[in-house]
1. What does the helix-only formula give at 222 nm for the chain: each DSSP H stretch with n ≥ 4 adding -39500 (n - 2.57), the total divided by the residues, and the result rounded to the nearest 500 deg cm²/dmol?
2. Angle, helix 106-128 long axis vs. longest principal axis of the chain, Cα atoms, 0 to 90°, nearest 10?
3. Rank 132, 36, 88 by mean-square fluctuation in a GNM of the chain with C-alpha springs under 10 angstrom and give only the top-ranked residue.
4. Using a ≥ b ≥ c from the Cα gyration tensor of the chain (square roots of the eigenvalues), is it rounded, prolate or oblate, where a/c under 1.5 gives rounded and otherwise the larger of a/b and b/c decides, a/b for prolate?
5. How high is the FRET efficiency from residue 34 to residue 92, r the C-beta distance, R0 41 Å, rounded to 0.05?
6. Find the eigenvalues of the gyration tensor of the Cα atoms of the range 39-105, then list the square roots of 5 times those eigenvalues as equivalent ellipsoid semi-axes, largest first, in whole angstrom.
7. Once the Cα atoms of helix 132-149 and of the chain are each reduced to a long axis, what angle between those two axes, in degrees from 0 to 90 to the nearest 10, is obtained?
8. Between the helical axis of 44-55 and the dominant principal axis of the chain, each derived from Cα atoms, what acute angle in degrees is found, rounded to the nearest 10?
């Protein structure tokens, strides 16, 4: 039996299909990029923490836990490992010195730069395989993807 969809149902079906396709594509690309970096021995959560500190020079552990969407105890373990590796440091940020903010060391900044460069290199090489029209479509989609990513 054939059921004719209303135009509103057609729009919903198209949006659902777009959502599924976009989720799958973004997930596949994210997984591929995760395999590209050479920061052996560090988890994605640890590298994500370094990335947050790269963008925000001083953050408190509770802020980092919120950004990374992990429990405070998990962030404490992450920060201990990163500090032991010489990638982060703690500094007193208030007058009495009780609250410690976290920042990157030069080695931490260098690691983030290196992993970003490696992923950018892989993406640049992958983009070379696209036609001029496909590359233009990717460039045109970037602001839309950023807009979607900014939706709370």
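What follows is calculated from the coordinates using simple rules that are stated; it is not laboratory data. Computed from a predicted model, the values in this text were never measured in an experiment. Cβ placement follows ideal geometry from the backbone for every residue including glycine, while neighbour counts extend to all protein chains displayed.
1. That comes out to -22500 deg cm²/dmol.
2. Result, in degrees: 20.
3. 132
4. prolate
5. 0.75
6. 19, 13, 11
7. Taking Cα atoms only, the helix is inclined about 60 degrees.
8. 80
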